[in-house]
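Below is one structure, written out as structure tokens; the observations come after it.
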Amino acid sequence: MKIHIISKIHCVVLLFTFTTLIGNGLSPTWAKECSYYNNASISKTTNQLPLWATNKLNTLGENYRISAEGRKRLLQVLLMAQHKQVSLSLLISKIEEGLAKKVPPQIIAQALLKEIDNYCYVRNLLKTFFSCAPEKLISNKVVKTIVDSLSLGLSRKELAQFIKSAPIAPLSMLAIAIENLALLKQIHFNPDMAKQIMFTGLRYKSFSSDWRYVAKIIALAKKRNLSDKQITKAALQILRHKQHLNKLMELLGFTSRNLQQNQFR
Amino acid sequence: MFKIFSLWPPEKKNNELDSNQDQELLILARRLKNLPDREPPSDLADKIIQSLEPKKLSFWKKLYVWLITPKAITISPLKLAPALALSLLLIWLAFGNFFSGSQVFKNTQKLVPVTFVLHYPQAHSVSVIGSFNQWQPKALKMHNKNGTWTLEIKLPQGRYEYAFLIDNKLVIPDPKAEFCKADLFGHKNSIIFVNHENPHNI
């Protein structure tokens, strides 16, 4: 079999065209994007959003068959979020969640507005109490963790009071403390003792990333009928010595076996 | 030499050469004979060979010539088969991720096994939806055994939100979960902690 090629330039051009088409063809969003951009009224609105966000929303719109009105509403909210410099990826994740739960787009839009409001509130709070920290140093992860604490059961007032009275510590540690404070509130842990644990962790700067799971350890300890006072005493001792969370588990009498039996949920 | 050629008569056919011309040619031949016998310059041969050598082309010119020169490829269908298979394999490796529904298990982080359990005998189908699978209901379907639905998956470390989707309609949080979070849609998500750094696999 003999193949005659006109010239190698043609060959390169053909190969490039072929790979581009194949590459785009394999992308699940490509075909949908084409149909989406036919809708001029919507694409005009999306001009200010990053392309990835538009593509994602479009894919979700097609997969969950969102009405044009619903899409428009969600886009408006995303544009507002962009204007207020709120992370779009987090909001899109919320849209995904709402759609998977069969929540109507209008309700999703309301939830997003609430989330945006929480973001702005937390950001302003951090700016107020950490004015020395440049805004770029306040990471999205930290803001998200603190925003989540509002959905975990902490009120805005409680959050503001905690941040106001908390010892100076890195923001990542503050986020760990706030998240755990909200989780401990859910299991009805003594609020004063919970604050004492968190403040000690911040004061001694002992909240390394593993301490994010301390609320779960405390929940298990409570299940083993350990009192809040006993747990607090053990936690303070470990935090003052800047030790690992494993040490607290050992001090509370946990073994590998009984922890595996209590799946962390 | 110039003088010699200047003596050459104007264009005429051979048979039309007259006697005068014959004489002129004879004179010319005589003059040529009488020319002094000189040796050619020593570098004459080199100069001639050099002038006959092809000119050296620049790299880009060579490349251009190579590109525009038509080529013929001879392919054996039998030998083509493994090459085609290899090409398909490479394409699959490059674009394979487009075919997968879930990206949960593609994480390069250390994964920790987690078991979800829900007792719900009246359900026809139950899925786990959560932040670890972008809330996709099709990705993680649970298995029924006497009304108890279970699913074991492996997750990278972190804190995740999840819920159970019953019959693709009803969303409920895990009744056994200790922590939950308001989802802002009027429901609650359960929270799971996964930590591989801990030796106890919590």
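The values are calculated or read from the model by the stated rules, or taken from the named source; none is laboratory data. Predicted model only: the values in this text are computed from it and were never measured. Positions of Cβ are generated from backbone atoms using ideal geometry, with glycine treated the same way; all protein chains shown enter the neighbour counts.
Only a single criterion out of (1) at pLDDT 85 or above; (2) over 29 Å from B:ILE129 (Cβ atoms) is not satisfied by A:GLU96, namely (2). Filtering segment A:135-142 for residues that are in contact with a Pro (Cβ under 6 Å, 6 or more places away or on another chain) and part of a helix (DSSP H, G or I) leaves an empty set. Tell me, please, whether a residue that is modelled with pLDDT of 90 or more and of a type in the set (Val, Ile, Thr) can be found in segment B:83-91. For segment B:83-91, residues modelled with pLDDT of 90 or more and of a type in the set (Val, Ile, Thr): absent.
Restricted to segment A:100-117, and to residues there that are part of a helix (DSSP H, G or I) and at the interface with chain B (Cβ under 9 Å from one of its Cβ atoms), the residue that is modelled with the lowest pLDDT is A:ALA100.
Candidates B:ALA123, B:ALA163, B:ALA139, B:ALA177: the one that is of a type outside the set (Asp, Glu) and facing chain A (nearest Cβ under 7 Å) is B:ALA177.
Write out, first by first residue and then by second, each pair whose Cβ atoms fall under 9 Å of each other, whose residues are 6+ apart or on separate chains, and whose first residue, in segment B:133-158, is over 19 Å from B:TYR120 (Cα atoms) while the second is in a loop (DSSP other than H, G, I, E, B) and basic (Lys, Arg). Partner pairs satisfying both residue conditions: B:TRP135/A:LYS101; B:PRO156/B:LYS110; B:GLN157/B:LYS110. Listed conditions (1) at the interface with chain B (Cβ under 8 Å from one of its Cβ atoms); (2) surrounded by fewer than 22 Cβ atoms within 10 Å (Cβ to Cβ) are all met by A:GLU97, apart from (2). So A:ILE163 ticks every box in (1) part of a helix (DSSP H, G or I); (2) within 12 Å of chain B (Cβ to nearest Cβ); (3) surrounded by fewer than 23 Cβ atoms within 10 Å (Cβ to Cβ) but one. Which box is left unticked? (2) is the only condition that A:ILE163 fails. Residues in segment A:202-220 include at least one that is more than 10 Å from chain B (Cβ to nearest Cβ) and charged (D, E, K, R).
Listed here are the residues, each with its yes/no results for (1) buried (at least 22 other Cβ atoms within 10 Å of the Cβ); (2) closer than 28 Å to B:PHE116 by Cβ; (3) modelled with pLDDT under 90.
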{"residue": "A:ALA177", "(1), (2), (3)": "yes, no, no"}
{"residue": "A:ALA182", "(1), (2), (3)": "yes, yes, no"}
{"residue": "A:ASP192", "(1), (2), (3)": "no, no, no"}
{"residue": "A:GLN196", "(1), (2), (3)": "no, no, no"}
{"residue": "A:ALA235", "(1), (2), (3)": "yes, no, no"}
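Of all residues in segment A:221-231, those satisfying the criterion of being away from chain B (no Cβ under 14 Å) and on the phi < 0 side of the Ramachandran plot are A:LEU226, A:SER227, A:ASP228, A:LYS229, A:GLN230, A:ILE231. Only a single item in (1) closer than 24 Å to A:ALA111 by Cα; (2) crowded, with 21+ Cβ neighbours inside 10 Å; (3) not aromatic (Phe, Trp, Tyr) is not met by B:ILE166, and it is number (2). Would you check if there is a residue in segment B:54-70 being of a type in the set (D, E, K, R), away from chain A (no Cβ under 12 Å) and loosely packed, with under 10 Cβ neighbours inside 10 Å? The answer is yes; a qualifying residue exists.
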